[in-house]
Amino acid sequence: MPGTRRPLVSGNWKMHHNHFEAIQMVQKLAYILNPADHDVVDVSVHPPFTDIRSVQTVIESDEMRLVLGAQHCHFEERGAFTGEVSPGMLAKLNVALVIVGHSERREVFGETDDDVRLKAAAVLANGMTPIFCCGETREEREAGGTDAKVTGQVKAGLAGLSQDQMAGLVIAYEPIWAIGTGLTATPEDAQAACRVVRGVVAEGWGQSTADSVRIQYGGSVKPVNAPDLMMQPDIDGLLVGGASLDPDEFARIVAYHRLIG
Ligand code: 13P
């Protein structure tokens, strides 16, 4: 049911912060966030692979209420895949959330819908939750193709998942033209696309599954636009890039709930 989905604000650090900086980041973030934030919002951090072990150790030893995430993984468990990291390796580090199909992975590294589908399934098979990303380019939006693009990505990338798997999933709608550009989708446009995503889930997996799945918006999220985005009925969280690199700024995004009650 809408309203029962627990909000999730995630910081995707991309290729920023070495492991020393990462430790300082989470320590500062944990210090700034207060128990009231954690009571109402799940907060995850997604550092680069080289930081994950350090961040895990700090989160666990200091009993921080931060959720540990990763940005990417391969779908195979092991093998001759130079440079890749398997879902099992992440699970062993108590990673809970893995971003799959980020537009930078799709556009810069050539990941296909099929790769993303295999990754989402592999993440689930290892007991973790995918944050499945979708979103349109500026050209696609201008040509009126937003709904078709997002619908196609969700159907292709999540095909074969069970209702239970889908119900626990996180889907991030990130319009590519809004990523790192300072251009944010209006709350209304973001809501419209997130509603389309929920509709695709309802069509494929049933309404109650669609009511459970958490949908994030991502793309130039800042403290100033977070409350309006989070007031939209189909937006259950935020996937934050640049603004998650500064603990103060990220904490102010998490604090959106104090403004909207
Ligand atoms: P920005 O918040 O920097 O636009 O990045 C969004 C993003 O890609 C998060 O995954």
- Query: For Val123, which of the numbered conditions (1) more than 25 Å from Leu238 (Cβ to Cβ); (2) in contact (Cβ under 8 Å) with a residue 24 or more places away in the chain fails to hold?
  - Reply: (1)
- Determine which single condition Val98 fails, assuming it passes every other condition in (1) without any contact (Cβ under 8 Å) to a residue 40 or more places away in the chain; (2) open to solvent by 10 Å² or more (accessible area, probe 1.4 Å). (2)
- Query: Hey, among the residues in the range 100-134 that are over 17 Å from the mean Cα position of the chain (by Cα) and aliphatic (A, V, I, L, M), which one's nearest to Leu68 (Cα to Cα)?
  - Reply: Ala125
- Query: Can you spot a residue in the range 30-40 that is at pLDDT 95 or above and within 16 Å of the ligand (Cβ to nearest atom)?
  - Reply: no
- Item | Residue that is within 14 Å of the ligand (Cβ to nearest atom), outside any loop (DSSP other than H, G, I, E, B) and open to solvent by 10 Å² or more (accessible area, probe 1.4 Å), where the choices are Arg53, Arg105 | Arg105
- Message: I need a count of the residues in the range 60-102 that are on the phi > 0 side of the Ramachandran plot, in contact with a helix residue (DSSP H, G or I) (Cβ under 6 Å, 6 or more places away or on another chain) and away from the ligand (no atom under 16 Å from the Cβ).
- Response: 1
- Subset of the range 204-244 that is among the hydroxyl-bearing types (Ser, Thr, Tyr) and open to solvent by 20 Å² or more (accessible area, probe 1.4 Å) - its residue that is farthest from the ligand (Cβ to nearest atom): Ser208
- Residue check, Thr151 against (1) in a helix (DSSP H, G or I); (2) surrounded by fewer than 21 Cβ atoms within 10 Å (Cβ to Cβ); (3) within 16 Å of the ligand (Cβ to nearest atom), all met but one. Which one? (3)
- Message: hydroxyl-bearing (Ser, Thr, Tyr) and over 21 Å from Trp205 (Cβ atoms): is that true of Thr151 in this structure?
- Response: no
- Message: Can you confirm whether Met25 is assigned to a loop (DSSP other than H, G, I, E, B), out of contact with any Asp or Glu (no Cβ under 8 Å at 6 or more places or on another chain), under 18 Å from Gly242 (Cβ atoms) and not aromatic (Phe, Trp, Tyr)?
- Response: no
- Query: Among the residues of the range 38-71, which ones are touching a residue at least 40 places away in the same chain (Cβ under 8 Å) and out of contact with any strand residue (DSSP E or B) (no Cβ under 6 Å at 6 or more places or on another chain)?
  - Reply: Val40, Ile52, Arg53
- Task: Find the residue count for the range 114-147, including only residues that are in a helix (DSSP H, G or I), touching a helix residue (DSSP H, G or I) at 6+ places or on another chain (Cβ under 8 Å), open to solvent by 60 Å² or more (accessible area, probe 1.4 Å) and away from the ligand (no atom under 16 Å from the Cβ).
- Result: 4
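The values are calculated or read from the model by the stated rules, or taken from the named source; none is laboratory data. Everything numeric in this text was worked out from a predicted model, so none of it was measured. We place every Cβ from the backbone using ideal geometry, glycine too, and count neighbours over all the protein chains shown. The accessibility values were calculated without ligands, DNA or RNA, using every heavy atom of the protein model including side chains. Shrake-Rupley method; radii C 1.70, N 1.55, O 1.52, S 1.80 Å.
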